[in-house]
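None of the figures in this text is laboratory data; all of them are computed from the coordinates on show. Bear in mind the structure is a predicted one, so any value in this text is a computation, not a measurement. FYI the Cβ positions are ideal-geometry reconstructions off the backbone, even for glycines, and counts take in every protein chain you see.
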Amino acid sequence: MQVTSSVREPLVTGGKTIKDVTNDIARHVEGKPTKGWLLAVAVSLGVLTIGALALVATLWEGIGMWGLNKTVGWAWDITNFVWWVGIGHAGTLISAVLLLFRQKWRTSINRAAEAMTIFAVICAAQFPIIHMGRPWLGAYWALPLPNTYGSLWVNFNSPLLWDVFAISTYFTVSLVFWYIGLIPDFATIRDRAKGLRKVIYGALSFGWDGAAKTWMRYETVSLILAGLATPLVLSVHTIVSFDFATSVIPGWHTTIFPPYFVAGAIFSGFAMVLTLMIITRKVYKLEDYVTMTHIELMNIVIIITGSIVGIAYITEFFIAWYSGVAAEQYAFINRATGPYWWAYWSMMTCNVISPQLFWFKKIRTSIVATFILSIVVNIGMWFERFVIIVTSLHRDYLPSSWAMFYPTMYDVGVYLFTFGLFFTLFFLFAKFFPVINMAEVKSVLKSSSEKVNK
Amino acid sequence: MKENQKIYWKGVEQLTNDPEFVKHADKEFPEALPLENEEASGSSRRDFLKLMGFGVAAASLAACETPIKNAIPYLNKPVDINPSIPNYYASTYINGGDYASIVVKTREGRPIKIDGNKLSPITQGGTNAQVEASVLSLYDKERLTNPYIGGKGASWEELDKQVIAKLKSIALTGGAIRIVSNTVLSPTTKEAIKNFTSKYPNAVHVAYDPTSSNGMVQANDWAFGKAVIPSYHFDNAKVIVGFGADFLGTWISPIEFTKQYGKTRKISKEKPEMSRHFQFESNFSLTGANADYRTPIKPSQEGLVIANLYNLLAAKAGAATMSVAKLDVPFLTKAANELWANPGAGLVVASSNDPYVQVVVNAINSLIGSYSKTINLSAPVNFRQGNDAAMTQFIADAKAGRVAAAIFFNANPVYNHANGADLADAISKIGLTVSTSDRMDETTSLVQFVAPDHHFLESWNDANPKEGHYSLAQPTITPLFDTRHAGESFLTWAEDSSSYYDFLRANWKANYFTKQSETGDFNMFWDKALFDGVFTTATPAAESVSFGGNLPVCASQIGKTYKADSKDVEIVLYEKIGLGNGSQANNPWLQEMSDPITKATWDNYFTVSQKWANENGIKMVEGETTVIKVTVNGKTLEGPALVQPGQAYGTIGLAVGYGRTKAGKVANGVGMNAFPLVAVANGFANYSITSGVNVELTSTKYRIAQTQTHQTYMGRTNVVQESVLAKYKEDASAGREHPEIYTSEGFKKPSKISLWKGHQYSQHHWGLAIDMNSCVGCGACTIACQVENNVAVVGRDEVLNRREMAWIRIDRYYSSDAPAGDLTAMEVAAENPEVTFQPMMCQHCNNAPCETVCPVAATTHSSEGLNQMTYNRCIGTRYCANNCPYKVRRFNWFKYHDNKQFDTNLSMNNDLGKMVLNPDVTVRARGVMEKCTMCVQRIQAGKLTAKREARPMKDGDVDVACATACPSDAIVFGDMNDPNSRITKMLQLKEEGEEKVVNEERAYHVLEEINVAPNVWYFTKIRNKDVENKA
């Protein structure tokens, strides 16, 4: 029996049957790679290669290949890190938080969003290692490993160490959550496949048998993981923000950072999900699954988080004035009017002003406008991190040490490297994994889709 | 197991007990082996194999080259060389007319550090950047390793044979022989030259100085009948008036003067008095930066300004005034009034090389009674003995082919004389040319014979810097190369076979031994002089002299030369604190030394006034500026314009010492050579060009590598706290800022609110106290630190990337005229700003922000208050550097050692240069953070010494490199737990319960309000001004 509501917008349109869902989604996994896909992967690999050259040069010669200096010790590296981590927030939020809140519209987008999260976190996790002067040691010295150096241990006071734990926990939970969700879909593909494909997807599906008991366990695990992941959505960026908030640098030393960073992360994560989903739904012709309702709902989240971020920016200014601390006041005046004013105003325009356009229904339901604004938001969020990191550092306490930061081609190259990596992984995912959670979409089909006509 | 009773016989013989068998039964072989028989028959196969084996082995062993190992085990250990224990030898730094009495630290036979010699009454333990850096010049790969004849390596015997033969034939024909040198401070070398000139009567010694003070000598001759430069006593002066004389930086005897000046700038509640210093100058000199009142004047006004000062004083004294145009510049009348109000405690100095102007200076000093108190004509100094006219004459003679032989004794006139180009052309006309330079420099590369001299650290020598003051130099290392002391060369060429050492001893025995009565044994006298490094006879006391100068003549000459309001652009040449006259240009430490005023490295440039820059649209952003083209009498130089606040409008400053072409890979091509611009007026070298200067702007942009690009302190009184003397007298805490933070219990000092529990320092608690009032900003400490701590040189490009590695820097802040609050305007320095120097190094915070953020605990706090950096634990996240409020942490962006990319980092990139490295300090690897350690290796050494001697440490056992080098004693290091230490007394530390409280009102922490609780204290800067300027 299919129930349709005259009040609620259907979540799946086009009168899809359960079979249609399987066909529409598994088709891309089973078919031959298209030219478009091959081209996309080739471009991604090209970017990855160019980026890898920059990365190798940096690792070989030293961090000096970047534009950093005695005053500005972090710039693009940590900006990119925070940016990618922020992007990696949407997946878990969509899957876990919306699952707990029983938001059924998430079913069509959670798979891709989670994949994006995992790839973004992979990209983010590169930077804490790459940015080290001696990554070959730092990669494992930053872990609390038992060692033979006497009583030498990591410094549990350091927010960088908290980052290590926060990111690795978040990555692990996200990966498990994502993979558990993939298992029934892998089984579906396995059941339709022959030969080597059947073996591979059979292995990937961990012997899923579709029994009621299995489904029950699946639901339970999903719920437990959702429960585990929800606090992580808040904690990861909170801890990332501690890198700055616990320091003494004006512009960093700010208690507002945790909520402000979390809102910013969701903001940029949703924007990135939109960017990717708008392309995917178009290319894979999934308009019936990722509908305008989805896009509109996500745009509303963007307005909300964008506004939170905007209020946070203004609050920072207010507190700087209210604190009466000269260095703090100067840090904020310098952001808005100093040599990096353009970065600040790029941030303000992209993050605070542009999302407000979504108040107009016409804009928020326009695919083109949403696509453009989703990119604008992510540009803005990159600038937000750049503004926080670079403009705070470049003019801090002693004017004698004030300096400018100019990026080099290697700064750009390493950023490109993560882009190449991200898109390569995402395209591989889009080809070999079901981009929409078939099992979960099927579960909402009966209650929340358009009426089946046949 | 059943016992086996069976017996096996060896043979029937055993069974039968054959007597033959019984005889040999205990032997291994029952019968004799047949060896003897074979020997009897000559060589056997075995022997052949034995011989063959040995032969092959021996032949193959002989064919292998035995690896040469340089480590020589001390089987017979030299008495005073202990591995890892440094030895110190008193010696003397001599570079032309520059002098310092020094103590050389050697490790395993290598000199690695130069400290000042506290026993010297002249330099009093002070050094400067050039002295500190000179140890690297010893290990310069560009030094010549053997004598040369006609550009080819030769032996000393061959060189001597040819030189003597040529000299003799020239002597026979009566050709002119000239020895060309800079000032020679060594009396024994002069004696050797005298031997030479008596052997060759046509030989004349011509001395010149690249930056000459010949005019002063002439003026003193005219005024007092003594052709000398007197010694000065800035420490006796209450009012100091300087005209262009950079006496804290480069003028005559800067270390001595800084020591003296520093004494007059130290104030306390017990002695709230300090000298008042007026400076009238065109360029912004280090001395001008320290002046209480500074007036920019054009060089074309200088003579008139000085004459007007004379007139103002003469009017008060009732003496005849000079008839010169009246010219009043700011603070001139004030200076005159104060000089007059402090008779016998005033001192007027001028750097002008115009003798007529110097006569007026003498007249002023005579009027105000300086000649018995602050100037001692009876104890003249020998730092500048050059004779400009003689040198000009020599070049003219050479050009005319009138010189038969020229010996360039450590002089490089082709580079550093105004007529160097003429000399370069004429040098081929000279029959015999010899140079004793240490490298193939601009002059040496043109001569026939090169007889390279030792480096001063390799040689015996002496110096007579001042009447009654003698100084010995002893070798601290065996000569590295096949070089010979120049004095010995002169002796050899004069066919005197004695070694320079014997000659030196003989000279001292004959001349100085006799001047003392302490001992009758010359060896004892010699050993003491050698141990002390200095020997002083009674210095003649200053006595008042009567001025006999002809002021009317001076007035008319000044009237001719100087103008009150010239509209022409004028150039003033100067020496930089680091590079000086360029003789040490191939020293990368000096090239990369941040200029105290401009903060620029690796370049010289035209300093232009802000006003002129604004008029011409030149704006400096992050060191980027416009290249200008300056033409002086047909000579054109192109270089960047550096906008210099305080530069007199209409003048351009340009440093000499750059533009070397043959000094070595570090110096070649850096900057432009300004020496050809030096003008010769009335026979005296003139370093200011007042007419015929044409300036054109080009469209080329250039970035000057500055270590500090922001000029003002933006009114941040938590960084710079200053006041004026008048206010200090009323309130010792004048200028202090006492931040308080509001809590629920009312306002509290930041130190009372803390997350941290604090540290208990049960043994030592090291700290630094820095007196910003006596710090003159010279930067000697920065080089001393670089030498002591193996700090890398990174080169111009990396300085442009803002990545210099200095562990200690001197922040130089200009005042701004902008109203407080106008942040954009405050970024611009005042047209004639006040300057504050603030040495900045790791503050060794007790609540160190760097320590908490390091993920791997690579930077930690010691039990003695030091913030420690563990290089081999560092993974290079740079979080500590970001979180350092003082920005003193330095990251190894690249591998700076053994890397061709950084080949100007001589001390880490070639085997010879590496000999200067301090073996107690790690050379840091790529990717790790580094910073000031408060010379922890010295602290450790001091602790070990005390432990070995079974005694507690006492104040002075350990001193850090920066404090040791400081010529004005502005940095004091010590144990704040020791109630008798200097630092405890300076800070007036008192135990109050758990914590130590600083009771000295002037002492403050930079950025006190963030309560990082540094162990470095700064003392407020007090200017001796009547009213406070706006910050």
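Of note:
- Spin-label pair B:Thr478/B:Asp797, simplified geometry with 7 Å Cα→Cβ offset, distance in nm: 4.0 nm
- Residues B:Ala396 and B:Asn616, FRET efficiency given R0 of 30 Å [Cβ-Cβ distance, rounded to 0.05]: 0.15
- 5 angstrom amide H check on A:Tyr340, placed H, neighbours 5+ away: none
- Average beta carbon contacts from partner chains per residue of B:848-859, 10 Å cutoff: 6
- Karplus 3J(HN,Hα) series, Hz, for segment B:329-337 with 6.51 cos²θ - 1.76 cosθ + 1.60 (x for Gly, Pro): 10, x, 6, 6, 5, 4, 4, 4, 4
- Taking other C-beta atoms within 10 angstrom as a stand-in for reagent exposure, B:Glu992, B:Glu256, B:Glu142 fall in the order B:Glu992, B:Glu142, B:Glu256, fewest first.
- Label point distance in nm, B:Asn633-B:Thr922, each placed 7 Å from Cα along Cα→Cβ: 5.8 nm
- Within 10 Å of the Cβ of each residue in A:131-141, the mean number of Cβ atoms contributed by other protein chains is 6.
- Length-normalised contact order for segment B:722-1023 - Cα pairs under 8 Å, 6+ apart - percent: 28 percent
- As a proxy for reagent exposure, B:Ser212, B:Ser498, A:Ser323, A:Ser151 were ordered by neighbouring Cβ count within 10 angstrom, fewest first; the result is A:Ser151, A:Ser323, B:Ser498, B:Ser212.
- Calculated mean residue ellipticity, 222 nm, chain B: -7500 deg cm²/dmol, from DSSP H runs (n ≥ 4) at -39500 (n - 2.57) each, averaged per residue and rounded to 500.
- Two-site label geometry, B:Arg45 and A:Met292: point separation in nm, points 7 Å out along Cα→Cβ: 10.9 nm
- Fraction of antiparallel bridges per DSSP, the protein assembly as shown only, in percent to nearest 5: 60 percent
- Only lysines eight or more places from A:Lys362 in sequence, or on another chain, were considered; those with a Cα closer than 28 Å are A:Lys16, A:Lys104, A:Lys282, A:Lys285, A:Lys451.
- Given +1 at the Cβ of Lys and Arg, -1 at the Cβ of Asp and Glu and no other charges, the dipole of chain B around its Cα centre is 1100 debye to the nearest 20.
- Cα principal axis extents for segment B:567-703, largest first, Å: 43, 39, 25
- If you bin all the Cα-Cα distances of the protein assembly as shown at 10 Å, starting from zero, the percentages per bin are 1, 7, 13, 17, 16, 13, 10, 8, 6, 5, 3, 1, 0, 0, 0.
- Residue-normalised convex hull volume from the C-alpha trace of chain B: 282 Å³ per residue.
- Helical runs (DSSP H, four residues minimum) scored at -39500 (n - 2.57) apiece and divided by the length of chain A put the mean residue ellipticity at 222 nm at -22000 deg cm²/dmol.
- Percentage relative contact order, segment B:567-703, counting C-alpha pairs under 8 Å, at least six apart: 36 percent
- Calculated FRET value between B:Val997 and B:Glu745, using beta carbons and R₀ = 25 Å, to 0.05: 0.80
- Estimated vicinal HN-Hα couplings, Hz - segment A:419-428 in sequence order (Karplus 6.51, -1.76, 1.60; Gly, Pro = x): 4, x, 5, 4, 6, 4, 4, 5, 5, 4
- Only Cα pairs under 8 Å and 6+ residues apart enter the sum, and on that basis the relative contact order of chain B stands at 13 percent.
- Derived scalar couplings ³J(HN,Hα) [segment B:467-473; Karplus, 6.51 cos²θ - 1.76 cosθ + 1.60; whole Hz; x for Gly, Pro]: 3, x, 10, 10, 9, 9, 10
- Between B:Glu270 and B:Leu697, full extension at 0.36 nm per residue minus the direct alpha carbon distance yields a gain of 148.2 nm.
- In this structure, the amide hydrogen of B:Arg1023, modeled 1.01 Å from its nitrogen in the peptide plane, lies closer than 5 angstrom to those of B:Ser723, B:Val724, B:Leu725, counting only residues at least 5 positions away or on a different chain.
- As a proxy for reagent exposure, ranking B:Asp235, B:Asp527, B:Asp959 by other Cβ atoms within 10 Å from fewest up yields B:Asp527, B:Asp235, B:Asp959.
- Peptide B:704-710 has a mean of 3 when you count, residue by residue, the C-beta atoms of other protein chains within 10 Å of its C-beta.
- Charge tally for B:Ala1003 (other residues, Cβ to Cβ under 11 Å; Lys, Arg +1; Asp, Glu -1): -2.
- In segment B:314-457, taking the dipole from charged Cβ atoms about the Cα centre, the farthest positive-side position among B:Asn387, B:Asn410, B:Leu432 is held by B:Asn387.
- Taking amide H atoms as placed 1.01 Å from N in the peptide plane, the amide H of B:Met772 lies under 5 Å from those of B:Phe1019, each 5 or more residues away in sequence or on another chain.
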